[in-house]
1. Can you compute the charge dipole magnitude of segment B:146-191 about its Cα centre, using +1 on each Lys and Arg Cβ and -1 on each Asp and Glu Cβ, nothing else charged? Give it in debye, rounded to the nearest 20.
2. Determine the distance separating the Cα centre of segment B:86-162 from the Cα centre of segment B:18-67; give it in Å without decimals.
3. Got a number for carbon plus sulfur as a percent of the protein assembly as shown's accessible area, 1.4 Å probe?
4. State to the nearest 20 debye the size of the charge dipole of chain A about its Cα centre, where the only charges are +1 on K and R beta carbons and -1 on D and E beta carbons.
5. Peptide A:135-148: average number of partner chain Cβ atoms within 10 Å per residue?
6. So what is the accessible area of segment A:2-134 per residue, in Å², with the probe set to 1.4 Å?
7. Other chains' Cβ within 10 Å of A:114-121 residues: what's the mean?
8. Once you sort the root eigenvalues of the Cα gyration tensor of segment B:1-99 as a ≥ b ≥ c, which label holds: rounded (a/c under 1.5), prolate (a/b larger than b/c) or oblate (the other case)?
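The values are calculated or read from the model by the stated rules, or taken from the named source; none is laboratory data. Keep in mind it's a predicted model, so treat the numbers as computed, not measured. Because the Cβ atoms are built from the backbone with ideal geometry, glycine has one as well, and the counts that use them run over all protein chains shown. Each accessible area value is taken on the protein alone, full model and side chains, heavy atoms only, with ligands, DNA and RNA left out. Shrake-Rupley method; radii C 1.70, N 1.55, O 1.52, S 1.80 Å.
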There are 2 protein chains.
Amino acid sequence: MSEIFKKHLEKFIEINESEFLDILAFFQAIKVRKKENLLVEGQICKSHYFVLNGCLRKFFVNEKGIEQTTEFAIENWWITDNIAFENKLTSEFYIQAVENSEILVIDYLSQQKLLIEFPKMERYFRFIYQRAYGASQMRIKYLYSFSKEDFYHQLNSKYPEFVQRIPQYLIASFLGFTPEYLSEIRNKKRS
Amino acid sequence: MSEIFKKHLEKFIEINESEFLDILAFFQAIKVRKKENLLVEGQICKSHYFVLNGCLRKFFVNEKGIEQTTEFAIENWWITDNIAFENKLTSEFYIQAVENSEILVIDYLSQQKLLIEFPKMERYFRFIYQRAYGASQMRIKYLYSFSKEDFYHQLNSKYPEFVQRIPQYLIASFLGFTPEYLSEIRNKKRS
């Protein structure tokens with residue numbers, strides 16, 4: 001399973017087997033079951049999660065008591081509440097398994113040590129944050145420029161496999177509308 | 001003026017005077033006048049901008065022809081269209097000076113060379129992208145959870161000096177409403 005992480009690292013940095021094993025020692029491998037929470041609102045966010053397989057999501061509960069999903073992480077993606085993680089703050093978010101998942105977990109101090117002991121991991125994480133930041137900039141543009149319906153069509157045309165894979169009520173929660181409205185849009189498209 | 005950049009770098013990494021001068025040689029220092037465009041929609045995004053003083057903003061023109069500001073950069077902030085910059089793509093954004101500004105500019109190849117020649121700059125940019133990514137995650141949460149009016153009050157209470165400094169029609173463009181509506185909200189608060 002850790003081979004997945006090695007292959008992923010090799011997309012960004014050169015790394016030999018012995019270095020990889022030393023790097024891997026900073027992580028804990030865990031399995032989580034569907035709907036299990038890794039982080040709960042109000043907890044200190046202590047960990048950064050890398051998805052080996054499965055899917056996690058991040059959400060907050062809005063003032064109407066509705067879960068608003070802001071992010072998904074599938075294979076080869078990182079997820080955490082970054083500001084809370086970096087500043088050891090309580091989080092306003094939940095992180096929950098969408099599917100049974102296998103995850104690598106690293107805590108804040110271990111990530112700091114890893115970066116000091118393996119400067120090439122600075123390069124790796126620079127790429128990771130850079131990519132994530134670029135994606136979130138486009139996300140912000142979409143939030144301003146697309147209607148919720150357009151946003152759904154955009155998601156569906158760019159990531160059809162993802163939309164198929166994820167339960168529809170969570171796609172609705174990500175887009176910010178009710179499952180009923182999503183189902184209406186889908187039916188409209190078919191007819 | 002370049003002292004500002006050195007002090008900023010020193011918040012993240014240790015750097016001596018000779019290294020700093022070598023690093024600075026990768027950049028070009030320019031002055032831009034208020035309302036001058038550094039990037040125009042449809043152009044390849046070739047540069048990454050660091051604000052020494054003044055203020056830049058990034059915006060796109062929506063389908064109604066209205067400028068939607070998605071980001072400001074004041075002193076010590078970076079700004080570019082990150083996905084376009086990293087992939088040498090045409091941009092969907094404009095970057096424009098809000099005030100007369102002094103800027104450090106680095107092009108894509110120079111930034112790559114800088115990172116290779118000064119690995120400590122990997123650490124620096126890792127911090128920069130990490131911080132920017134964390135901020136954009138919170139921004140996305142606000143876009144989902146706040147009404148436009150709440151967003152204004154949040155901005156005003158967290159960054160009162162910024163709201164005072166920036167022309168009100170640009171604050172309105174950032175919040176996604178008309179200058180008239182912003183003025184209405186401001187008057188409501190006063191009364």
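1. Numbers: 7 positive and 5 negative charges, 28 e Å.
Charge dipole of segment B:146-191: 140 debye, to the nearest 20.
2. 11 Å
3. Result for the protein assembly as shown: 52 percent of the exposed heavy-atom area is carbon or sulfur.
4. Values: 26 positive and 25 negative charges, 122 e Å.
That gives a dipole near 580 debye.
5. Working: counts 4, 9, 13, 6, 5, 7, 10, 0, 6, 9, 9, 2, 0, 0.
Mean partner-chain Cβ count within 10 Å for A:135-148: 6.
6. Values: 6020 Å² over 133 residues.
Accessible area per residue, segment A:2-134: 45 Å².
7. 2
8. prolate
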